[in-house]
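First comes the structure, then the notes that go with it.
The values are calculated or read from the model by the stated rules, or taken from the named source; none is laboratory data. If you're wondering where the values come from, they're calculated on a predicted model, not measured in any experiment. Because the Cβ atoms are built from the backbone with ideal geometry, glycine has one as well, and the counts that use them run over all protein chains shown.
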Protein chains: 2
Amino acid sequence: MPTLVYWLDPDLLAIVTDGENSAKVLASSMALIGLFVFIFSRFFREITARIGLPLVIGDLIAGLVIGVSGLHILVPEGAQINPFLVNLIELVAPTTPEEIQAVFDGPVHLIVEQYAEFGAGLVLLSIGLESNLKQLLKVGWQSATVAVVGLTLPLVFGFLGLIYLFHLPTITALFAGGALTATGLGISAKVMQELEILKSTEGQIILGAAILDNILGLVILAILISIVETGSIDVGNVAKLILTAAIFILTAVMMNLFFGPWFITQLEKLKAPASIGMGSFILFILWSFVAGIIGLESILGAFAAGLILGGTKAREELIKSVSVLSIIFETVFLVSIGAKTDLNLVNPTVASNREGITVALFLITVAITSKIIAGFFAFSSEKINRLGIGTGMVPRGEVVLLFAGLGATTGILPPAINVAIVLMVIATTFLSPPLLRIIFTRDSQLTQP
Amino acid sequence: MPTLVYWLDPDLLAIVTDGENSAKVLASSMALIGLFVFIFSRFFREITARIGLPLVIGDLIAGLVIGVSGLHILVPEGAQINPFLVNLIELVAPTTPEEIQAVFDGPVHLIVEQYAEFGAGLVLLSIGLESNLKQLLKVGWQSATVAVVGLTLPLVFGFLGLIYLFHLPTITALFAGGALTATGLGISAKVMQELEILKSTEGQIILGAAILDNILGLVILAILISIVETGSIDVGNVAKLILTAAIFILTAVMMNLFFGPWFITQLEKLKAPASIGMGSFILFILWSFVAGIIGLESILGAFAAGLILGGTKAREELIKSVSVLSIIFETVFLVSIGAKTDLNLVNPTVASNREGITVALFLITVAITSKIIAGFFAFSSEKINRLGIGTGMVPRGEVVLLFAGLGATTGILPPAINVAIVLMVIATTFLSPPLLRIIFTRDSQLTQP
C-alpha cells in the first residue's frame, strides 16, 4: 500500500520528491535485517544456552536459518532476497523489487560487512584487554612451536595428498595446502572467551599460536603470490612483510608497558566526560587502520589496541563497555558467518557437488588432525590439556578466505577445490565449539598459571 | 605508493583481484572519518567543558571544522572531499581520486547518515528511559498549551511577515511559516539531558511540548501538501495522520504500564546472557520501524520504546548501556549536524547571499521570540522558569528540514527562502544551548516535582 504510506509519511514524501527514495529503502532494510538477525540470534542462543552448547553455535545456526541456506533475508551480494522482505520494505517506501534488490546488493551488503568486521574487531579488542601480556610472553615459545607445527603439518599433508591422491597441479596443491594453515582468530578467540578457557595456560598458548599463525599465514600467501607472479620467491617483499609484522607486535608490547598507562593518565586529566572510553576507542580505530596499512588483518590491530590498554587501570571499565557494544556487533559478526554458509554445496544429489565434497572430506580431515597433532607439541613441565590446545586452533577463517578468493580469481584453484576450501572453513567453524566444550568440561581442572 | 601496499596487503590483493576494491576503500574511508570525527569532537568538547559551555556546542564546532565549512573531511553528497584524505586512503587501497569521491558520495554518505540517525534515536531512547511517565502526563495540559501556542505564533507571525514585509506569494509564506513550527527534538532533548534540566517540571513541560509540536508539525506539513496538490485540505488524510499518531502515543503509554514490566520479567527468565539488553534493543528497532510505517519520525518510535522500558526495574541498567553506545553514535549525530552547516551562506560579501540573509534575520527573530512567548503560556500555580521553557524549545531540526526539502524540490520555496530556513535552523541550534545554560544556571533552583 505505497500510496497510503506516501500520504502518511511526509519524511518519505520529502525524500521521494528529492528523487532519493533509496535512503528510506536502506533505513527500513537495515531495520528489518536487524530485527531478523537479533530475534533469531536470541532464539537460537537461548536453545544453545539451555542444552549447554556454546552460544556461538546459536548465532551460526541463526545465520543458517536467515541466510543463503534458509530464508534469504541476509544474503551475499547478488543472491535473491526473500519476497516477503520486499513486501515489508514496500510498506514503508514506495519502490520496486528491483530497486530493493539493488539496495541489498550495494549499501546493505557493505554496511552489514562493516558491522561484522567491527564485531570481529571488538572480539579481538576484548581478548586483548583480557590478555595478560606477561603470561602471554611466558608461553611464547610454546605458542611459537604450536604455531609453526600447526602451519607446517596441514601445508605439507594437504600439498602431498592433493598431489598424490587427487593429482592436482603443484601450484594448485600449494595454494590449497596454504589455505589450511591459519586459525580463524575471531571465532576461535570468541569460543575460548565464552568457555572461559582464555585465562588458563592452554588458552594463552592457543591465543599466542593463533596470532602467530595468522601472521605467518599472510607471509605464506605473500610467498605463493610471489611464486605465481614471478616464478620465484621475492625475498625482499617477504622480508618486508615479516619485518613490519615483527615491528608491529614489538611496538604493541612496548606500548603495553609504557604508553598505555601514560595514555590513560592523560585521559583522566581531561574534563569532558567519557574521555577514557572515547580515547580508547580512537586508539582502537587507529591501530586497526595502521594494521591495514602495513598489510596485516585489521583485527590484529584491534588485538594490539586491547593489549596496550589491558595493562592499565581502566581495563575493567573498558571490558564492560566493549561488552555492551558486543551485544550488538558481535552478533552481526557471528550470524553473518552462518548466513554466508551455503548448505546447497554439500547436497550430494547434485552431481557437480561430488568432486568438491570428496576433496572437502580430505581437507577437513587434514585441517582437524594436523592442528590436534600440533597441540601435542606444546612442551610444558606442567600437566596441560594438549588435546584442548589443538582443538582450540581447529577453526579456520579470515586468512583462509583470502587464499580462496585469490585462488578463485586467478584461476589457480578450480571451482571444485574452492568449494572444498569453503566447506572446510564451514566444517571446522561449526565443529570446534562443541568439541572444545566437551574436552574442557571433561577436564574441568584448567591449569591456572 | 600503491605498489608497496599491494604487496604488503594480501587482503587488499584478494579484493583487487576480485575486482572489488571499493570494500577496502570504504573500510579505510570510514576508519579515517571516524578518527577525524572522534578526535575533533574530543578536542572541542574538552574546550567547552573547560569554559563551561554545553558539550553539544563542542561537537557542533567540531563538525564546522571538519565539515563543508572547514576541512571538507565529512561533507554532504556531491561536495568535494579534502585531497589530503584522498592521499591517506590511497596509502591503503590502490584507487583513484574519482573512485574515492564516488565512495564518499555513495556508501560513506549513507552510512554516516545511518549512524547519525542511530545516534539521534539513542538520544530519544535514553530520554524516554529517563522520563517519568506520570510526571509527563501530569504536565500534559501545560505541554499541550505551550505546544499549540508555540506552533501557532511562528506560523502566523512568519506567514504575515513574509507576506507584508517581503511580499511573498501566499503558499510560499505558508510553507516558510510552517517550517518555523516544530522544535528540534533530538538536539533539544540532548541539551536538556546534559544540563540536567530534564527531570525538573520545566524539563518535562519542554519535552512533552516538543513531542507534541513535532507530531503537529507533521500534521501541518500534510495539510500544506494537501493544499498544494489538490488546492484543498484532504480531511481524510489529515484525520488519519492525527489518529495514527494518537493511537501510537496511547499504545506507548499503555505499554509503559502493563507490557514493559511483563516484557522484562519474561526476558529475565531466559538463560542466554544479555537477554534484557538485547530484548530491549529489539524493541527499540521495532518501534522506530513502526513509527516510520505510520508516517511519524522514527526517533518518536525510539522515544516510545524508552518510555515503555522506563517504567521497569531494568531502567538503570539500560540507561547505562545506552550511554556506552551514545559515546560513539551521539557524537556522530551531533558532529554531522555541524558538518552539514555551510557558513559560506552567511558570507555577506557574496551578493547572492544577501536576500537570504535578510529573510533569515527575520525568520530567526520570529523563531526565537515566538517560542519564548509560548513558554509564558505554561500555566502553573508553582513558580516555574517560563523563560527557560521557551528557550528550551528554540532549536529547530528534523521536521523543519522536511519543509525545506519539500519546498525546494516543488519550487514552492525559492532558493533564497530555502537558504534562510537553513540559516534559521543553524542559528537556533547554535544559540539555544548557551542561552539555556545561562538561564538555568542563574535560576539554579529548578522546580523538582
Working carefully through the options B:Ala116, B:Ala147, B:Ala120, find the one that is farther than 30 Å from B:Ile282 by Cβ, in contact with a helix residue (DSSP H, G or I) (Cβ under 6 Å, 6 or more places away or on another chain) and touching a residue at least 12 places away in the same chain (Cβ under 8 Å). B:Ala147
Among the residues of the range B:193-217, what is the count of those that are under 16 Å from B:Glu398 (Cβ atoms) and out of contact with any Gly (no Cβ under 7 Å at 6 or more places or on another chain)? 8
Would you mind finding the one in B:Ala314, B:Ala305, B:Ala274, B:Ala291 that is on the phi > 0 side of the Ramachandran plot and touching a helix residue (DSSP H, G or I) at 6+ places or on another chain (Cβ under 6 Å)? B:Ala274
Taking only the range A:90-126 into account, find how many residues are away from chain B (no Cβ under 13 Å), β-branched (Val, Ile, Thr) and over 18 Å from the mean Cα position of the chain (by Cα). 3
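A quick yes/no check of all residues on (1) assigned by TED's automatic domain parsing to the domain that holds B:Ile308; (2) small (Gly, Ala, Ser); (3) buried (at least 17 other Cβ atoms within 10 Å of the Cβ):
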site: B:Arg42; (1), (2), (3): no, no, yes
site: B:Ala49; (1), (2), (3): no, yes, yes
site: B:Gly67; (1), (2), (3): no, yes, yes
site: B:Pro76; (1), (2), (3): no, no, no
site: B:Ile100; (1), (2), (3): no, no, yes
site: B:Pro107; (1), (2), (3): no, no, yes
site: B:Glu117; (1), (2), (3): yes, no, yes
Mind telling me which of the residues B:Gly178, B:Gly231 ends up being on the phi > 0 side of the Ramachandran plot, out of contact with any Ser or Thr (no Cβ under 9 Å at 6 or more places or on another chain) and not charged (D, E, K, R)? B:Gly231
(1) in contact with a Phe, Trp or Tyr (Cβ under 8 Å, 6 or more places away or on another chain); (2) assigned to a helix (DSSP H, G or I) all hold for A:Ile197 apart from (2)
Can you find a residue that is without any contact (Cβ under 8 Å) to a residue 40 or more places away in the chain and either more than 10 Å from every other protein chain (Cβ to nearest Cβ) or surrounded by fewer than 21 Cβ atoms within 10 Å (Cβ to Cβ) (or both) anywhere in the range B:191-198? yes
Got a number for residues in the range B:240-253 being more than 14 Å from chain A (Cβ to nearest Cβ) and surrounded by 12 or more Cβ atoms within 10 Å (Cβ to Cβ)? 4
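Got a sec? Which of B:Leu174, B:Leu168, B:Leu162, B:Leu129 is away from chain A (no Cβ under 14 Å), in contact (Cβ under 8 Å) with a residue 40 or more places away in the chain and part of a loop (DSSP other than H, G, I, E, B)? Working first, answer last.
Working: B:Leu174 fails: part of a loop (DSSP other than H, G, I, E, B); B:Leu162 fails: part of a loop (DSSP other than H, G, I, E, B); B:Leu129 fails: part of a loop (DSSP other than H, G, I, E, B).
One residue alone meets the criteria, B:Leu168.
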Cβ-Cβ under 7 Å pairs, at least 6 apart or on other chains, the range B:365-382 side farther than 23 Å from B:Gln135 by Cα, far side among the basic types (Lys, Arg) and at pLDDT below 95: B:Ala367/B:Arg396
Looking at (1) modelled with pLDDT of 85 or more; (2) in a loop (DSSP other than H, G, I, E, B), can you tell me which one A:Glu20 breaks? (1)
Quick one: what pairs do we get from the range B:51-65, first residue within 13 Å of another protein chain (Cβ to nearest Cβ), second not in a helix (DSSP H, G or I), C-beta under 7 Å, 6+ apart or different chains? B:Pro54/B:Leu195; B:Leu55/A:Ala272
Among residues of the range B:283-296 being in contact (Cβ under 8 Å) with a residue 24 or more places away in the chain and at the interface with another protein chain (Cβ under 7 Å from one of its Cβ atoms), the residue nearest to A:Ser28 (Cα to Cα) is B:Ser288
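Yes or no, residue by residue, for (1) over 30 Å from A:Ile171 (Cα atoms); (2) among the hydrophobic types (A, V, I, L, M, F, W, C); (3) free of Cβ contacts under 8 Å to residues at least 24 places away in the same chain; (4) surrounded by 19 or more Cβ atoms within 10 Å (Cβ to Cβ):
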{"residue": "A:Met255", "(1), (2), (3), (4)": "yes, yes, no, yes"}
{"residue": "A:Phe258", "(1), (2), (3), (4)": "yes, yes, yes, no"}
{"residue": "A:Ser275", "(1), (2), (3), (4)": "yes, no, yes, yes"}
{"residue": "A:Ser298", "(1), (2), (3), (4)": "no, no, no, yes"}
{"residue": "A:Gly306", "(1), (2), (3), (4)": "yes, no, no, yes"}
{"residue": "A:Leu318", "(1), (2), (3), (4)": "yes, yes, no, yes"}
Run A:Ser280 past the list (1) free of Cβ contacts under 8 Å to residues at least 24 places away in the same chain; (2) within 11 Å of chain B (Cβ to nearest Cβ) and report the number of the one that doesn't hold. (1)
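Can we say A:Ile81 is crowded, with 20+ Cβ neighbours inside 10 Å and free of Cβ contacts under 8 Å to residues at least 40 places away in the same chain?
So A:Ile81 passes the test.
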Meets criteria (among the polar types (S, T, N, Q), surrounded by fewer than 16 Cβ atoms within 10 Å (Cβ to Cβ) and farther than 24 Å from B:Val366 by Cα) for B:Thr201: no
Considering the range B:28-50 alone, what residues qualify as being free of Cβ contacts under 8 Å to residues at least 24 places away in the same chain and polar (S, T, N, Q)? B:Thr48
When residues of the range B:143-159 are limited to those that are surrounded by 22 or more Cβ atoms within 10 Å (Cβ to Cβ) and small (Gly, Ala, Ser), the one farthest from B:Ala252 (Cα to Cα): B:Gly158
Lone qualifier among B:Ser226, B:Ser288 - being modelled with pLDDT of 90 or more and assigned to a helix (DSSP H, G or I): B:Ser288
I'd like to check something: does the range B:119-142 contain any residue that is outside the structural domain of B:Phe379 (by TED's automatic domain parsing), over 30 Å from A:Asp105 (Cα atoms), buried (at least 19 other Cβ atoms within 10 Å of the Cβ) and among the aliphatic types (A, V, I, L, M)? no
Find the residue count for the range A:90-102, including only residues that are closer than 17 Å to B:Phe289 by Cβ and modelled with pLDDT of 85 or more. 1
Selection within the range A:335-359 - assigned to a helix (DSSP H, G or I), out of contact with any Leu (no Cβ under 9 Å at 6 or more places or on another chain) and β-branched (Val, Ile, Thr): A:Thr358
Selection count, the range B:297-315, where residues are within 14 Å of chain A (Cβ to nearest Cβ) and either assigned to a helix (DSSP H, G or I) or basic (Lys, Arg) (or both): 6
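Somewhere in the range B:123-138, is a residue of a type outside the set (Lys, Arg) and closer than 23 Å to B:Gly405 by Cβ? Talk me through it step by step, then tell me what you get.
If we filter the range B:123-138 for residues that are of a type outside the set (Lys, Arg), which is where we start, we get B:123-133, B:135-137.
Then drop every residue that is not closer than 23 Å to B:Gly405 by Cβ, which leaves B:123-124.
Looking for residues that are of a type outside the set (Lys, Arg) and closer than 23 Å to B:Gly405 by Cβ, one finds at least one in the range B:123-138, hence yes.
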Taking the stated definitions as given, is A:Ile187 modelled with pLDDT under 85 and buried (at least 24 other Cβ atoms within 10 Å of the Cβ)? yes
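Yes/no matrix, rows are residues, columns are (1) closer than 22 Å to B:Ile111 by Cβ; (2) part of a helix (DSSP H, G or I):
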position: B:Phe44; (1), (2): no, yes
position: B:Arg50; (1), (2): no, yes
position: B:Gly58; (1), (2): no, yes
position: B:Gly63; (1), (2): yes, yes
position: B:Val75; (1), (2): yes, no
position: B:Ala79; (1), (2): yes, no
